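Notes for the one structure printed next.
Each reported figure results from applying straightforward, stated rules to the coordinates on display, with no laboratory input. Because the structure is a prediction, the values reported are computed rather than measured. Because the Cβ atoms are built from the backbone with ideal geometry, glycine has one as well, and the counts that use them run over all protein chains shown.
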Amino acid sequence: MAERPAAPESDTRWRSGGGFMLAALGSAVGLGNVWRFSYVVGENGGGAFLLVYLLALLLVGVPLLVAEFALGRAMRRESVAAIRRLAAGSPWRHIAWLSLVAPSLVLAYYSVVAGWVLRYLMDFSFGPPTAAGDHAAAFSAHVAGTLEPLAWQAVMLGATAAAIANEVTRGIERLNRVLMPLLALLLLAMLLQAATLDGFSRGLAFLFRPDWAALAQPRVYVAALGQVFFSLGLAMGVMVTFGSYLPRGTALHRPALAIAFGDTLAALAAGLVIFPAVFTLGLDPAQGPGLAFVVLPEVFARIPGGRLVGVAFFLLLTVAALTSMASLLEVPVAYTIQRFRVSRATASWAWMLALFLLGVPASLGYGAWSRVRDAAGRGILELMDAAAVDLLLPLNGLLLSLLIGWAWNGRRAAAATGIRPRWLAWLWLGVVRFLLPTLLLVVLGAGIARL
């Protein structure tokens, strides 16, 4: 079958560098920083995990982020079309589909968790208070339902589709101009509240005093790299697509470093909100995915003004979820617009429906389909998360580093970053060519062993 004509270049541009930074931060700062970061840190040794995470961020996260921005800007296309253009006529073009599959899979189960967040926000805002000691049962009852969790999931996906049905500069950029400052203010207010708790010093020690024995466990390295990919939105096509809207001439390492710094700052602030509260009540930080939905509501129920704190916390999570979901949905929407020449509204609502259906098994995995579990006892949502974070994202990151490092002319790749002086651009290229594939191959192997 003959291939369709090449997709047209994107004529969408960020209106300002600030708008691009807010959109990229909105993609990076999300449930991954608050919900996922906290429980992954709790399960993987606290400070030891944080140390590995920071190293992975510098050695893998920032170089790959620069690479994705450069690819999108140079090709002037969304992620799938950008890879196909760079790899035209070679088998490498087939890896483009991973940049469409990855964000779709992540968004399908991410929207389920986002639906839980919105439901908790409504409960804390308008519902009757849940007594201390009853939050675990309340959470289990909610996720075991059928229609209600699906309805909340649909509301979050619908809100996301509505937000980006307009042009990107009127949708994602406007959304993040409002929501990102609000997110920063909420984090700051909650951090000040956490500093007054008795367990604040223990929370600091847990996050910043490494348990060196934990560094001998391979799962810490797999979890840290997976969190870098999940939190920054790497290997999901998001940053390639955002890069295609950038004007030429910008030195890409500066926004990449700023985004990585802002994303890490948000995650650490969330950790400093969550863990002091957990230690204040003598609870276990290794609560798993239920940390935000079971442990913290128990904390809120036992502190003065806890209901207001709960409203603020789940508003923060709702804001974070919406900004990240908008960025993830932009990837398949941009592909559909450029490939099939349909309107943005048509593409947005069609993908909203498709992703809702894809997420139904994850939503029902705690109720009607709760018996579907692997040998380790993981349900459907956990299996989707493991498939994405431990396998699909590192695999796509590995293939992207090989494509950009070796299939792209080295001089053009280095020039596409806009990095000055020139030796620094070539240092980046060396990292992409040699260090990234080596690290990602090792971690990918360990991730496969975990599945």
| query | For the stretch 408-447, what value does the Rg/Rh ratio take when both radii are computed over Cα atoms and Rh is the Kirkwood radius, given to two decimals? | reply | 1.12
| query | Which one of L283, G405, L51 is farthest out on the positive end of the charge dipole of the chain, using unit charges on Cβ (Lys, Arg +1; Asp, Glu -1) and the Cα centre as origin? | reply | G405
| Virtual spin-label span in nm between L441 and L191, 7 Å along Cα→Cβ | 4.0
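Can you give the calculated 222 nm mean residue ellipticity of the chain, where each DSSP H run of n ≥ 4 adds -39,500 (n - 2.57) and the sum is split over every residue, rounded to the nearest 500 deg cm²/dmol?
-21500 deg cm²/dmol
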| message | Between helix 98-126 and the chain, what is the angle of the helix's C-alpha long axis to the longest principal axis, kept within 0 to 90° and rounded to the nearest 10? | response | 30
| query | Of the trypsin sites (Lys or Arg not before Pro) in the stretch 274-345, which ones lie in a loop per DSSP and count no more than 14 other C-beta atoms within 10 Å? | reply | R341
| How much length is gained if the chain between R420 and I303 is pulled fully straight, taking 0.36 nm per residue apart and subtracting their Cα-Cα distance, in nm to one decimal? | 36.9 nm
| remark: For the stretch 295-311, in residue order, the Karplus 3J(HN,Hα) values (coefficients 6.51, -1.76, 1.60; θ = phi - 60°; whole Hz; Gly and Pro = x) are 5, 5, x, 5, 5, 4, 6, 10, 10, x, x, x, 5, 5, 4, x, 4
| message | Let's test the formula: R0 of 60 Å, r as the Cβ-Cβ distance of A345 and A216. What FRET efficiency results, to the nearest 0.05? | response | 0.70
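On alpha-carbon atoms, Rg over Rh for the stretch 49-187 using Kirkwood Rh?
1.06
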| With axes computed from alpha carbons, what is the tilt in degrees of helix 436-450 against the longest principal axis of the chain, rounded to the nearest 10 within 0 to 90? | 40
| query | If you plug each phi of the stretch 284-289 into the Karplus form 6.51 cos²θ - 1.76 cosθ + 1.60 with θ = phi - 60°, what whole-Hz ³J(HN,Hα) values come out, in order, with x for Gly and Pro? | reply | 8, x, 8, 8, x, x
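When the expected Rg is taken as 2.2 N^0.38 Å, what fraction or multiple of it is the alpha-carbon Rg of the stretch 17-450?
So the Cα radius of gyration is 0.94 times the expected 2.2 N^0.38 Å.
What shape does the stretch 241-367 have by the C-alpha gyration tensor, where a ≥ b ≥ c are the square roots of the eigenvalues, rounded means a/c under 1.5, and otherwise prolate means a/b greater than b/c and oblate the rest? Don't skip to the end; give the middle numbers.
Working: a/c = 2.93, a/b = 1.56, b/c = 1.88.
It is oblate, given that a/c is not under 1.5 and a/b is not larger than b/c.
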| task | Be a star and scan the stretch 323-359 for residues whose amide nitrogen sits under 18 Å from the point 7 Å along the Cα-to-Cβ vector of V178. | result | 323-327
| FRET efficiency, 1/(1 + (r/R0)^6) with R0 35 Å, evaluated for D284 and A407 via beta carbons | 0.15
| message | Testing the spin-label approximation: label points 7 Å from Cα along Cα→Cβ at S201 and E148. State their distance in nm. | response | 4.2
| Helix 172-194 versus the longest principal axis of the chain: what is the Cα-based angle in degrees, 0 to 90, to the nearest 10? | 40
| Once Lys and Arg get +1 and Asp and Glu get -1 on their Cβ, which of I95, L147, M75 lies farthest toward the positive end of the dipole of the chain? | M75
